[in-house]
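The values are calculated or read from the model by the stated rules, or taken from the named source; none is laboratory data. Keep in mind the model is a prediction, meaning the values are calculated, not measured. All Cβ positions, glycine included, derive from the backbone under ideal geometry; neighbour counts span all protein chains shown. Keep in mind that these areas ignore ligands, DNA and RNA; they rest on the heavy atoms of the full protein, side chains included. Shrake-Rupley method; radii C 1.70, N 1.55, O 1.52, S 1.80 Å.
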Amino acid sequence: ETVFNIGIVYIIELSYEKNGPQGDIVFLMKKGEVIRNKELIELYASLIGNFLVRIQTEKSLYESEAKFRAYMEKAPLGVFISDMEGNYVEVNQAACQMSGYREEELLKLNITDVIAPEFLDKGLEIFRRLKENSFIEDVEMALNKNGEKCWINLVATIIDHNKVTPFCQDINNKKIAEQKREIF
């Protein structure tokens, strides 16, 4: 107190509704001086508290998104997230392996680019039903980058009211085996 000539010490707790205490702001006044505008100091403390809560919220959101991305990348199924017009906006590594496209290539495509031509009408009907019902499970014939046809099992849902999230599993070998059994 003597070295720094400290008089009154004001401590304002930083807290924000449900989050509880965030810390304290300490104001050290010189001897003989007082805070003249306590409301301004409390407003300042409130702004700092709001800023701290925002930083914590952004950190939690970032961690949540990173966790989601890790789950998506490790998924054994192809995940081809598209907007409501069918344009791909996000894909995982399994989707790239299944389709033969690199991620950058897939993100320039629309679902109509990977549906086999003879299956296009049914594929678009599946997409329409998905948008109406928010969930669908069906079988579809896809076309990979090399032009080879492949049967996939598709389980899809709508997220965020503006994105479609299909989970795709290559069932080509199963379909070929079924067709061979039908012949014999």
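At 10 °C and 1.306 mPa s, grab the translational diffusion coefficient of segment 113-171 from Stokes-Einstein with a Kirkwood Rh over Cα pairs, rounded to a whole number in µm² per second. Display every interim value, and only then the final one.
Numbers: Rh = 11.7 Å.
Roughly 136 µm²/s, to the nearest whole number.
In segment 15-141, what is the count of Lys pairs whose alpha carbons are under 28 Å apart, counting only pairs at least 8 residues apart or on separate chains?
Pairs that pass both the separation and distance tests number 13.
Which of the helices in the chain meet the span-like rule: DSSP H, Cα axial reach of 27 Å or more, Kyte-Doolittle mean at least -0.5?
Going by DSSP H runs, the hits are 38-74.
So if R0 is 35 Å, what FRET efficiency would Lys30 and Lys59 give, r being the distance between their Cβ atoms, rounded to the nearest 0.05?
Working: r = 37 Å, r/R0 = 1.06.
Step by step, r from the Cβ atoms, then E = 0.40.
Run lengths n ≥ 4 of DSSP H only: what is the helix-derived mean residue ellipticity at 222 nm for the chain, with -39500 (n - 2.57) per run over all residues, to the nearest 500?
Details: 5 runs with 74 residues, N = 184.
After summing the helix terms and dividing by residue count, I get -13000 deg cm²/dmol.
Give me the base-10 log of I(q)/I(0) for segment 57-153 at each q in 0.14, 0.23 Å⁻¹, Debye formula, one uniform scatterer per Cα, rounded to two decimals.
One equal scatterer on each Cα of segment 57-153 leads to -0.56, -1.29.
Mind checking which of Ile25, Leu120, Leu47 is farthest towards the positive end of the chain's charge dipole, using Cβ charges of +1 (Lys, Arg) and -1 (Asp, Glu) about the Cα centre?
Ile25
Among Val164, Asn133, Gly147, whose Cα sits farthest toward the positive end of the charge dipole of segment 122-177 (+1 at Cβ of Lys/Arg, -1 at Cβ of Asp/Glu, about the Cα centre)?
Gly147
At q = 0.10 Å⁻¹, what is the base-10 log of I(q)/I(0) for the chain according to the Debye formula with one equal point scatterer per Cα and no solvent? Please give it to two decimals.
Those come out to -0.58, one per q.
How much solvent-accessible surface does Lys180 expose, in Å² to the nearest 10, with a 1.4 Å probe and all protein chains in place?
Probe radius 1.4 Å; accessible area of Lys180 about 120 Å².
Solvent-accessible area per residue for the chain at a 1.4 Å probe radius, Å²?
Working: 12700 Å² over 184 residues.
That works out to 69 Å² for each residue.
Ignoring ligands, DNA and RNA, please state the percent of accessible area on the chain from carbon and sulfur, probe 1.4 Å.
Details: 6830 of 12700 Å².
For the chain, the apolar C and S fraction of the accessible surface comes to 54 percent.
Which cross-chain or sequence-distant (5 or more) residues have an amide H under 5 Å from the amide H of Val89, H modelled 1.01 Å from N in plane?
Placed amide hydrogens put Ile81, Ser82, Asp83 under 5 Å from Val89.
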